[in-house]
1. Here are some residues: 106, 16. Which one is among the hydrophobic types (A, V, I, L, M, F, W, C) and farther than 26 Å from residue 2 by Cα?
2. What pairs can you find where one residue is in segment 15-34 and within 16 Å of residue 111 (Cβ to Cβ) and in contact (Cβ under 8 Å) with a residue 24 or more places away in the chain, the other is aromatic (Phe, Trp, Tyr) and not in a loop (DSSP other than H, G, I, E, B), and their Cβ atoms are less than 9 Å apart, with a gap of 6+ or different chains?
3. Answer with yes or no whether residue 83 is within 10 Å of residue 45 (Cβ to Cβ), among the β-branched types (Val, Ile, Thr) and modelled with pLDDT of 90 or more.
4. Go through segment 48-80 and report how many residues are within 14 Å of the chain's Cα centre (by Cα) and either of a type in the set (Gly, Ala, Ser) or surrounded by fewer than 14 Cβ atoms within 10 Å (Cβ to Cβ) (or both).
5. When the residues of segment 16-61 are filtered to those that are more than 29 Å from residue 93 (Cα to Cα) and among the basic types (Lys, Arg), which remaining residue is modelled with the highest pLDDT?
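The values are calculated or read from the model by the stated rules, or taken from the named source; none is laboratory data. Everything numeric in this text was worked out from a predicted model, so none of it was measured. Every residue, glycine among them, receives a Cβ derived from its backbone with ideal geometry; neighbour counts consider all protein chains shown.
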Amino acid sequence: MVFEYMDHDLLGLSRMRFTVPQIKCYMRQLLMGLHYCHVNQVLHRDIKSSNLLIDNKGNLKLADFDLARTFSNDHNCHLTNHVVTLWYRPPELLLGSTKYGPAVDMWSVGCIFAELLDGKPIPAGTK
């Protein structure tokens, strides 16, 4: 997959404090992109600030689809639980679940939202 040049990633901009309108704009774009993925039955499985690319005009794009996978709505297939960067990994994956769906991406989106509001990763820990 090839994208046009993007000036920043969200992690690189994390030193900045975003205004509420900026946060709303970025979250809207993130949710719209993720909605498109989920409607087309694709799980990203690695939503994190370094995988959100932003240009100087404020356009946000999802990147790094190396852990992405198609899914079915019946959740009968087993998927690996060693996905999603640890700080953004939902509890069900931490507890070993192999049956999951779009909720794993949404947990990561919630972590990103909290990170934007607070100015630092919420579940900050060590690897």
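1. Only one candidate qualifies: 16.
2. 18/26; 23/113; 27/113; 30/113
3. So residue 83 does not fit the description; no.
4. Total meeting the criteria: 5.
5. Residue satisfying both the conditions and the ranking: 57.
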